[in-house]
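Notes for the one structure printed next.
The values are calculated or read from the model by the stated rules, or taken from the named source; none is laboratory data. These figures come from a predicted structure and were not determined experimentally. Ideal geometry is used to build each Cβ from the backbone, glycine not excepted, and the neighbour counts take in all protein chains shown. Protein only, heavy atoms only, side chains kept; ligands, DNA and RNA dropped before computing areas. Shrake-Rupley method; radii C 1.70, N 1.55, O 1.52, S 1.80 Å.
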Amino acid sequence: MSNTFDILTQSRLSELSASPQATERSAFSEFVQETAALTRRLFIQLQRRPSTLVAGIIQPLMWLILFGALFQNAPAGLFGTEQSYAQFLGAGVIVFTAFGGALNAGLPVMFDREFGFLNRLLVAPLVSRFSIVLASSIFIATLSLIQAAVLVGASALMGTRLPGALGLGLMGLIVLLLVLGVTALSLGLAFAMPGHVELIAVIFVVNLPLLFASSALAPLSFMPTWLQWVVSLNPLTHAIEPIRYLYTHADWSFSSPILSAPWGVMTLGGALLALLAFDLVAILSVRGILKRSLA
């Protein structure tokens, strides 16, 4: 960690005392350099202690295999289509894995706060302290995409039809939209909570209830009306249903209906707009906290 701090400090100080040509570099390129250095630090930590990534892949695979086998003998068509329950569960496991990783995004920042490394960064001559937040977001988004790719491959081995290249790209976009909003909220909590114990408590309280209040494990038609309202407003459902639709429909468009909610029909394009709105609300909600903490 100290190496990263030294690199950032020496880089900035050398620019201040360098030739006029060097000092004319744009602030944007310096911001990119800072963000790249901080992101590299997180990947070095992951390389030295890869257990987080390994566990983040093994756990959803176990969900997919074991939980998918739970309803193996259920009648075909029980879950709305001819797909098996394991195939039905695939979209939910992909989204929930990305959600869990993003929800934990604030923990490294919280540990940096508690061990004093964040204070060293805050007094370093950074061009923008927003690079600290952006580096964490890039790191979490990359991990989420790696986990999603492994799960998509595992689903294919279990007999699930893969979407086309465009469909796979759209699935990646959906995962990124969800990760962006949840990561923003987690980073905001990391700066607002007094310590990692409180942050972990919030993560535990939020994690499983949001899973059960989504369409990850069962279709909306299985649920009572009041729960259908909750599930249809849950951002996890807005990510799960489009991915599930892409898995089961080779021909799709943004006007394709993907969810019959109590308040109306949600289309594929509507789900993307709902995720964008979620990101906007999440970023605006934590903007003040981040601004005060990084000032």
statement: Label model pair Trp263, Val202: point-to-point distance (7 angstrom along the Cα→beta-carbon line) in nm is 2.5 nm
message: Filter the chain for me: DSSP H helices, axial length by Cα at least 24 angstrom, mean Kyte-Doolittle hydropathy not below -0.5. List them by residue number.
response: 27-48, 85-103, 130-157, 165-192, 196-212, 268-294
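Given a Förster radius of 25 Å and the C-beta distance between Leu284 and Leu61 as r, what FRET efficiency does 1/(1 + (r/R0)^6) yield to the nearest 0.05?
0.10
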task: Find the all-direction average of the projected area of the Cα convex hull for region 147-220, expressing the result in square nanometres with one decimal place.
output: 6.5 nm²
Accessible area of Met171 in the full protein assembly, 1.4 Å probe (Å², nearest 10): 10 Å²
- prompt: Using 1/(1 + (r/R0)^6) with R0 = 41 angstrom and r between the beta carbons of Ser26 and Ser255, what's the FRET efficiency to the nearest 0.05?
  reply: 0.45
field: Electrostatic dipole magnitude of the chain [Cβ: Lys, Arg +1; Asp, Glu -1; Cα centre; debye, to 20]
entry: 400 debye
statement: Rounded to whole Å, √(5λ) for the Cα gyration tensor eigenvalues of region 126-165, largest first, gives 34, 9, 4
task: Using the Cα centre as the reference, give the magnitude of the dipole from point charges on the C-beta atoms of region 154-295 (Lys, Arg: +1; Asp, Glu: -1; all else neutral), rounded to the nearest 20 debye.
output: 220 debye
- prompt: Where the eigenvalues come from the Cα gyration tensor of the chain, what are the semi-axes √(5λ) of the equivalent ellipsoid, largest first, in whole Å?
  reply: 39, 19, 19
task: Could you tell me the accessible area of His196 in Å² (1.4 Å probe, neighbours in place), rounded to the nearest ten?
output: 60 Å²
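Probe of 1.4 angstrom, ligands and nucleic acids ignored: what's the accessible area per residue over region 159-295, in square angstrom?
47 Å²
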query: P(r) of region 66-185 in 5 Å steps, Cα pairs, percent per bin?
result: 2, 10, 17, 17, 14, 12, 9, 7, 5, 4, 2, 1, 0
task: Using the charge dipole of the chain (Lys, Arg: +1 at Cβ; Asp, Glu: -1 at Cβ; taken about the Cα centre), state which of Met158, Leu46, Gly264 has its Cα farthest towards the positive end.
output: Leu46
message: Taking only the Cα atoms of region 138-295, how large is their convex hull per residue, in Å³?
response: 133 Å³
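Of the heavy-atom accessible surface of the chain (probe 1.4 angstrom), what whole percent is carbon and sulfur?
Carbon and sulfur atoms account for 68 percent of the accessible area of the chain.
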